[in-house]
Amino acid sequence: MKSKNNIIHNAKEYLNSSDVDVRERLFMLLASVALTGMWLSFIMGLAIHENIESLMVVVGGFVFFLLLVVVGFKLKRIVEVSYIVAVVLVLVMMPINFFTSGGIHGGATLWNLFDALYIALILRGKPRAFFLGLQSVVVIAIYYVYYNYPSLIVKHTEETAFEDSIASYFIIMIFLVVMVSFQTRLYMRENEKANQQSEEINELNRSQNKFFSSMSHEIRTPINTIIGLNEMILRDAPTDEIKEDAQNIESAGKILLHLINDILDMSKLESGKMDIITAPFDVADLIADVAGMIWIRAKEKKLKFSIDISPDMPKQVKGDEVRIKQILINLLNNSVKYTNEGSVELSARCEDTNDPEIIKLVFSITDTGIGIKKDSIPYLFDAFKRVDEENNKMIEGTGLGLSIVKQFVDLMGGNITVNSVYNVGSTFTVELPLGIVGEGRININKAKGTSKKKYAPKFTAPTANVLIVDDTPMNIKVVERLLKDTEINITTATSGEQALEKTLETSFHVILMDHEMPGMNGIECFHKIKTQTGGHSKNARIVALTANAGPECPALSS
Ligand code: ADP
């Protein structure tokens, strides 16, 4: 009993094992059903005193088939065995069965169909096509012979024809039920597995996003503090040496921030949570800002940096200014990075489109740098892929920039192309369809006004009252120092509760509010200020300050 249970258990395990090819499992299942069927028909033959020749044929078939299956299983040659069975079925069994059991007056036609099904389900590729073709030829041949030489057929009596037909029907039906149930069960199990896996992947993605979002907070906050305080040192550096050190801290801090931002962007793009925010912006401001960030780097490498803007460029367009800046800065940074001598040029022009509301801006970034080998170009936009690594290993980079650029351009419905000659230079061209805003034309002088002036505040406001709410004293210090030259009156609070005490006494024009604080968080505090009984700052403009960049981060502004 125990060994019988063991056999059933092992058979179940074998049939469910995804390590074994599904066709091999189906073959073994069919073989077991066929052998049991043969065994039963031998017992039944004995019971109804079938003639000895017929019994011998059944026993012979049973032994031959059993040996074939056992040897095939032991030697792990099930595929070969399934071919041998196909040969025997098509060339031996099918014609013998047809000619000895009444031709089309019996069960032979059903068995022919079953053979075709066996081939279709168990064999694969070219052998399957070959055997199906061969079977069709054999079927046509035996029908032809039957029609033209009917005397060759061992005819059934009317009664045996009926019996044979109905018996064949039930046997084949059992085979079909077994085959189809097995396939259906397999399909359902695979489906279940796929659903489970996709749920696991979603869960993993969610925790990855959460991780990136908290990482953004944890790493960006101290980096911003470093960059912010360093800016103060830069502004008031008493000696050139201190200024140079501060400049180095600034560029290292910015590289780190850039890297974290790239990783965050990549994670947002991959989870499909990157939103393109469309709003009108000034094209000259965009180009001036971008150029302002690049020219100093170009100068440091003694590269000529030029800007060429077509005068018919619109003054304003509608699009995601931040992402367009990111695209241009990335491409220009690369041009400076991968150019040792010569020049980097940013050119901008526009083209009309079929849509009167949309204009196409075309930006080209051309350099006389190291260029890109032709066979590397197809991999250029792959994430984490750096090309020509042996020549670039001294140039820092992660291989993320161009992948992000390409995904941003795609999200905006634009196009990016690259034209490059190795050791001569490269041109990256970005085409972006953007919304038209009014008729005005660009102010080219404003766009080209890129030289970095000595720092001076953009405004002063000695009568303005600003409240800074942040639980990290260092962050408060950075904002205080950055606003120092504006002469604004600054009050500080290190918690939501403290902020409410201050708003009860004073009317603030602007409140800079940290989002994440222990106890009352920025959002709660925001709502309390807005509804505070006797509060003096219900109408204050409240701006959230947060290092969180996750897509799930709620918006806060008033
Ligand atoms: P990285 O951080 O390595 O610069 P990117 O995704 O920005 O990553 O660029 C991928 C690769 O493409 C770079 O490693 C570099 O080999 C090549 N590349 C990009 N821009 C240029 C260029 N202007 N000139 C030559 N090679 C470039």
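Here are the numbers for this structure:
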item: Inter-residue pairs, beta-carbon under 7 Å, first at pLDDT 65 or above and in the stretch 41-53, second polar (S, T, N, Q), 6+ apart; result: Gly45/Ser54
item: Exclusive hit being within 28 Å of Ser507 (Cβ to Cβ) and either within 16 Å of the ligand (Cβ to nearest atom) or in contact with a Phe, Trp or Tyr (Cβ under 8 Å, 6 or more places away or on another chain) (or both), set Leu482, Leu467, Leu432; result: Leu467
item: Single unsatisfied condition, Lys374 versus (1) within 8 Å of the ligand (Cβ to nearest atom); (2) touching a residue at least 12 places away in the same chain (Cβ under 8 Å); (3) exposed (fewer than 15 other Cβ atoms within 10 Å of the Cβ); result: (1)
item: Test: residue in the stretch 412-423 that is in contact with a helix residue (DSSP H, G or I) (Cβ under 9 Å, 6 or more places away or on another chain), part of a helix (DSSP H, G or I) and closer than 27 Å to Asp320 by Cα; result: no
item: Residue match in the stretch 221-241 (condition: loosely packed, with under 15 Cβ neighbours inside 10 Å and more than 30 Å from Arg481 (Cα to Cα)); result: no
item: Among residues of the stretch 118-165, those that are outside any helix (DSSP H, G or I) and touching a residue at least 40 places away in the same chain (Cβ under 8 Å), counted; result: 6
item: Qualifying residue in the stretch 48-56 (condition: under 24 Å from Lys12 (Cα atoms), surrounded by fewer than 12 Cβ atoms within 10 Å (Cβ to Cβ) and not aliphatic (A, V, I, L, M)); result: no
item: Close pairs from the stretch 225-249: first assigned to a loop (DSSP other than H, G, I, E, B), partner not β-branched (Val, Ile, Thr), Cβ under 8 Å, at least 6 apart; result: Ala237/Lys243; Ala237/Ala246
item: Strands (runs of 3 or more DSSP E) contained entirely in the stretch 259-348, each with at least 2 residues that are more than 20 Å from Gly369 (Cα to Cα), free of Cβ contacts under 8 Å to residues at least 60 places away in the same chain and more than 16 Å from the ligand (Cβ to nearest atom); result: 279-282
item: Where Gly369 falls short, out of the listed (1) closer than 22 Å to Met274 by Cα; (2) of a type in the set (Gly, Ala, Ser); (3) crowded, with 19+ Cβ neighbours inside 10 Å; result: (1)
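The values are calculated or read from the model by the stated rules, or taken from the named source; none is laboratory data. A quick note: this is a predicted structure, and the numbers were derived from the prediction, not measured. With ideal geometry, Cβ positions are generated from the backbone for all residues, glycine too; neighbour counts draw on all protein chains shown.
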